[in-house]
Amino acid sequence: METKVSMRDIARELGVSIVAVSKALTGREGVSEALREKIKYKAKEMGYIYNSLPKSMLTGRKYQIGILIASHFLGEFAFYWLVFMQLLESFKSTEYFALLEIVNEEAEKKCLLPALVRANKVDGLIVLGQFSEDYLNFVTQKMPACLFLDFNSSAGSCDRVVSNNFDGAYNLTKLLLEAGHKRIAFIGTTSATTSILDRFMGYSKALLEAGFPPLPPIPDRDEKHQGYHASEIDLRIGEEAGCTAYVCNNDQLAGTVIRYFKQRGIRIPDDISLAGFDNNDIETTEGIGITSLAPDIESMCSIAVSNLITRIEDPGYRSRGQIFVNGRIVSKESIAPPKGGDA
């Protein structure tokens with residue numbers, strides 16, 4: 001029996017991706033004209049037969065993936081806008097398109113099905129940033145092909161791609177300890193997201209190993225998880241404990257803390273040292289470079305897109321569970337030895 005030639009066969013012969021072959025043979029953008037002609041010639045040479053029916057009709061897929069983000073995560077300097085832009089870059093090497101849906105507080109609270117799912121527009125969902133467990137359980141029942149990005153949850157049987165927040169906070173706290181600080185506080189509402197809780201646990205481990213008791217976490221947002229302004233943040237726990245350094249949940253928060261101390265005539269890093277997360281500080285931190293944990297956003301997004309597409313296309317796919325991606329510390333000028341020597 002004659003074996004039917006597939007796009008995969010052509011890709012293997014030429015040493016290119018299946019996506020490149022598909023784009024070349026369907027007239028889509030994304031490959032050079034020289035490569036397009038080379039692929040078309042090889043396809044003809046190998047006896048490839050092109051089916052003119054749209055691929056969506058042949059496979060039953062829509063080749064669209066939804067990205068859900070909670071509205072309260074989006075702001076002027078929101079980290080998730082950066083992640084979303086990188087997700088779009090990751091989709092460029094696939095046959096899928098990304099569709100964004102912003103979920104407001106009412107829709108989450110009432111467990112309203114995302115419009116993209118309700119209208120049957122997508123094959124799967126990337127949920128970017130933490131939602132309530134009730135909402136996640138509801139959504140994953142209606143759309144099992146989901147992946148959680150930048151948080152952990154037991155809802156559904158979904159893969160979870162997260163930055164290694166525990167190790168990141170552990171290493172940042174060790175930097176402060178190595179600089180001579182002994183009284184260090186953590187700023188972040190641990191009930192808001194699993195990422196913040198993991199960071200607090202990493203901070204706590206570093207202090208306990210050094211023989212110092214960790215302090216209770218200092219909240220950085222209200223009960224609706226809205227971030228505090230400088231005038232609202234309460235650092236009395238740290239001040240009463242004589243803290244000379246703080247690990248901030250993110251760099252935007254570090255900027256709020258800088259403004260808090262600036263109002264009191266306290267300077268960074270002369271009087272107080274700070275560490276943060278996200279490596280996204282210049283516009284938010286009064287021009288002070290914050291030593292920060294930079295997440296590997298590119299790898300996180302690439303893994304998320306690849307894993308979800310594999311799950312959509314492979315009926316036998318088995319969840320990989322939680323996938324940790326290590327970040328890297330970017331040292332700047334916000335850490336100095338404590339004033340007057342050992343704290």
Of the conditions (1) surrounded by 19 or more Cβ atoms within 10 Å (Cβ to Cβ); (2) in the same structural domain as ALA304 (by TED's automatic domain parsing); (3) at pLDDT below 95; (4) on the phi < 0 side of the Ramachandran plot, GLY156 clears all except one; give me its number. (4)
Within segment 74-95, does at least one residue satisfy the condition of being more than 23 Å from SER163 (Cβ to Cβ), modelled with pLDDT of 85 or more and among the basic types (Lys, Arg)? no
Enumerate the pairs (first residue in segment 325-336 and free of Cβ contacts under 8 Å to residues at least 12 places away in the same chain; second residue anywhere and buried (at least 19 other Cβ atoms within 10 Å of the Cβ) and outside any loop (DSSP other than H, G, I, E, B)) with beta-carbon separation below 6 Å, excluding pairs fewer than 6 apart on the same chain, so at least 6 apart or on different chains. none
What pairs can you find where one residue is in segment 83-99 and in the same structural domain as LEU116 (by TED's automatic domain parsing), the other is part of a loop (DSSP other than H, G, I, E, B) and surrounded by fewer than 18 Cβ atoms within 10 Å (Cβ to Cβ), and their Cβ atoms are less than 7 Å apart, with a gap of 6+ or different chains? GLU95/TYR63; TYR96/TYR63; PHE97/TYR63; LEU99/LYS121
Qualifying residues in segment 92-111 (those that are crowded, with 17+ Cβ neighbours inside 10 Å and part of a helix (DSSP H, G or I)) - the one nearest to the chain's Cα centre (by Cα): GLU108
Return a yes/no flag: does segment 251-272 have any residue that is more than 20 Å from PRO295 (Cβ to Cβ), at pLDDT 90 or above and part of a strand (DSSP E or B). no
Per the filter on segment 308-335, residues in contact with a strand residue (DSSP E or B) (Cβ under 6 Å, 6 or more places away or on another chain), outside any strand (DSSP E or B) and not basic (Lys, Arg) are LEU308, ILE312, SER319, GLY327, SER331, SER334, ILE335
Just one of the numbered conditions (1) over 21 Å from GLY168 (Cα atoms); (2) touching a residue at least 60 places away in the same chain (Cβ under 8 Å); (3) not in a loop (DSSP other than H, G, I, E, B) is not true of CYS301; which one? (1)
Residue hits (segment 173-188; in a helix (DSSP H, G or I) and either among the hydrophobic types (A, V, I, L, M, F, W, C) or buried (at least 24 other Cβ atoms within 10 Å of the Cβ) (or both)) are THR173, LEU175, LEU176, LEU177
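The values are calculated or read from the model by the stated rules, or taken from the named source; none is laboratory data. None of the values given here were measured: they were computed from a predicted structure. Glycine gets a Cβ as well: all are built from the backbone with ideal geometry, and neighbour counts include every protein chain shown.
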